[in-house]
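Let me begin by presenting the structure, written as structure tokens, before commenting on it.
Every read-out reported here was derived from the displayed coordinates using simple, explicitly stated rules and does not represent laboratory data. Quantities reported herein were computed from a predicted structural model and do not represent experimental measurements. Cβ sites come from the backbone with ideal geometry, for glycine too, and all protein chains shown count toward neighbours.
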Amino acid sequence: RLVHLDLKGAAPRAQYLEQVLPLLHALGATGLLLEYEDTFPYTGPLEPLQAPHAYSPAELRALLSRARAQGLDVVPLLPFPLQFVLKHREFAHLREVKALPNALNPHKEESLALVKAMIDQVMVLHEDLQWFHIGCDEVYYLGEGEESKQWLQQQDNTPEKLCLSHIKAVATCLASSYPRVTPIVWDDMLRGMSEETLAESGVPQLVQPMIWDYATDIDVEGKVQLVEKYHRCGFSKVWFASAFKGATGVNQSLTLTGHHLRNQLEWLQVASRSPAGVLEGIVLTGWQRYDHFSVLCELLPVAIPSLAVCLQALKNGGYSEKVKENVEKLLGMSNLEIDTYMSTSLGTFPGSNILTLVTQVSFYLKSSVDELLERNRYVTGWFSPYHRKRKIIHPIMMHHFQPDAVSLLSKWNAVVQDLQAAMEQVFHRCAIEEWMEENVHPSLQKLQQVVDDLDEA
């Protein structure tokens, strides 16, 4: 049971992750899938890939050593295709399609040299690895570059074979230098391929596929058949991937625990009906962005109750009152809610104050500001955009809503200040700025503007 930490947005400070590790172990996690992206401390020619808030080698070593001490296996994930690499000017010449940073050109020797250099740098910091996730999901536009088009015109060459040869090249790159490490790939590019195509490619002898589905109504029978098909093709083991957050809305700010719990229960059914000995494990994914360029979805501390429920359900083979009580005890929460968003009850887990404040903002900030500005008849009738532009208002009308506007602004400024302080303990400035600009500023600025306009009028 690996917990996926997606670090391509709102990557928590290393100290915060270290605080969370004992909780993950207590909840039933047996490992971590670390998707570093631009938070890895790349050096040399790869240094441009580092974000300003990347972890230092010392921070990573300490974190990985803490994880080992908690009995957690670590599996690094390098997301080939490499959007976070190909967006940089220095690596743009390696794009499959010149204008798009979506896929690596598989025909260039330099592409494979880049893959190898990245793998080598990650391996230096990781000891005793058993698995290494090489991504390979959603490789859009592969086959649409000029060299690929020429390759596809040759006899017997197909887009499927191009994809498989790319996976094989990356997996071989890893296996040749690190023969004791097994590569894992997302399975979505493989699902539709015939058994014959897969078996003949040689890929099943090199990698383990990770079948992902984050829905609450998985086609259980279809998944079992897929597991059997992969097994027949020669894959020795398969993985499943469920989700505990980041899969219900691209700009989601709160996690609906019930959705993710039902997703785990569906996977338990698939596991119970799959051939014995084929399942290697399950990863609980926690996406932080839908891709490198999209906005943030739920922050990690906000989703910890969901993660706790999901881990415990998987560990105990289902969800019951006893499991619920255990989760409440481990999180220090008195009333765990599954089918509604968490109310503002505080827990004692690391970052629980962020959950409380984000809940307040998500539920009430926009609605309270809209209520005042769009549904208060004194505002809509006597201080409309027409009046505000010309800075005119009947003095008596001020008394009907100016005190409310000022008091609402001061209430929200206080909440946002508390949230900012809580977030600073966990996140770097860039993540806080982004979250605030997406979720707080639009409503707060509207409110501030109306208060300023009232003063001028």
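Please report the net charge: other residues with Cβ closer than 9 Å to the Cβ of Q288, K and R +1, D and E -1.
Numbers: positive: K8, K245, R289; negative: D6, E35, E298.
Cβ neighbours under 9 Å give a net charge of 0.
Enter the Cα centre distance for the pair the range 352-417 and the range 84-135, rounded to the nearest angstrom.
Taking the Cα centre of the range 84-135 as reference, the centre of the range 352-417 is 49 Å away.
Q155 to T340: FRET efficiency via 1/(1 + (r/R0)^6), r the Cβ-Cβ distance, R0 60 Å, to the nearest 0.05? Please list the in-between numbers first.
Working: r = 59 Å, r/R0 = 0.98.
So the FRET efficiency works out to roughly 0.50.
Would you mind getting the Kirkwood hydrodynamic radius of the chain from its Cα pairs, rounded to one decimal in Å?
Values: mean 1/r = 0.0413 Å⁻¹.
Computed over Cα pairs of the chain, the Kirkwood hydrodynamic radius comes out at 24.2 Å.
Given axes a ≥ b ≥ c from the Cα gyration tensor, I'd like to know whether the range 63-118 is rounded (a/c under 1.5), prolate (a/b larger than b/c) or oblate.
Details: a/c = 3.48, a/b = 2.76, b/c = 1.26.
Prolate, since a/c reaches 1.5 and a/b exceeds b/c.
Quick check: Cα centre of the range 172-247 to Cα centre of the range 28-48, how many Å?
22
If I model a spin label at S176 and R429 as a point 7 Å from the Cα along the Cα→Cβ vector, what separation in nanometres do I get?
Going by the 7 Å Cα→Cβ label model, 4.5 nm.
T197 to D128: extension gain in nm, 0.36 nm per residue of separation minus the Cα-Cα distance?
Numbers: separation 69, 0.36 × 69 = 24.84 nm, distance 3.32 nm.
So the extension gain works out to 21.5 nm.
With unit charges on the beta carbon (Lys/Arg positive, Asp/Glu negative), name the residue among S65, V358, A103 whose Cα is farthest towards the positive pole of the charge dipole of the chain.
The residue sitting farthest along the positive end of the dipole is V358.
Given a cut-off of under 8 Å on Cα pairs at least six residues apart, what relative contact order in percent is computed for the chain? Each step should come with its number before you reach the end.
Working: 746 pairs, mean separation 65.9, N = 457.
That works out to 14 percent.
By per-residue mean of other Cβ atoms within 10 Å, what is the highest-first order of 450-457, 19-26? Show your work: numbers first, answer last.
Working: 450-457: 14.9, 19-26: 18.2.
In descending order of packing, they fall as 19-26, 450-457.
Modelled label-to-label distance, E144 and S410, 7 Å Cα→beta-carbon offset: nm?
5.5
Can you tell which of M123, L152, G347 lies farthest toward the positive end of the dipole of the chain, using +1 and -1 charges on the Cβ of basic and acidic side chains (Lys, Arg; Asp, Glu)?
G347
As an exercise, identify the chymotrypsin sites (Phe, Trp or Tyr not before Pro) in the range 1-56 lying in DSSP coil whose Cβ has no more than 11 other Cβ atoms within 10 Å. Intermediate results must be reported in sequence, preceding the final value.
Working: sites: Y16, Y36, Y42, Y55; in loops: Y36, Y42, Y55.
Within the range 1-56, no chymotrypsin sites (Phe, Trp or Tyr not before Pro) qualify (loop, at most 11 other Cβ atoms within 10 Å).
Would you work out which of L454, L444, S407 lies farthest towards the positive end of the dipole of the range 353-456? Charges go on Cβ: Lys and Arg +1, Asp and Glu -1.
Sorting the options by dipole projection puts first L454.
Using the Kyte-Doolittle scale, which helices in the chain average at least 0.0 and also have C-alpha atoms spread 27 Å or more along the helix axis, with helices defined as whole DSSP H runs?
Details: long enough: 159-177 (28 Å, 0.59); 395-424 (43 Å, 0.12).
Those that clear 27 Å and a mean of 0.0 are 159-177, 395-424.
Evaluate E = 1/(1 + (r/R0)^6) for E325 and T30, where r is the Cβ-Cβ distance and R0 equals 30 Å; express this FRET efficiency to the nearest 0.05.
Values: r = 22 Å, r/R0 = 0.75.
So, using R0 = 30 Å, E works out to roughly 0.85.
Kindly state, to the nearest 0.05, the FRET efficiency for Y364 paired with Q225, given R0 = 60 Å and r defined as their beta-carbon distance. Numbers along the way, then the final one.
On the way: r = 47 Å, r/R0 = 0.78.
Plugging the Cβ-Cβ distance into 1/(1 + (r/R0)^6) gives 0.80.
What distance in nm lies between label points placed 7 Å from Cα along the C-beta direction at D418 and Q15?
Each label point lies 7 Å from its Cα, and together they span 2.2 nm.
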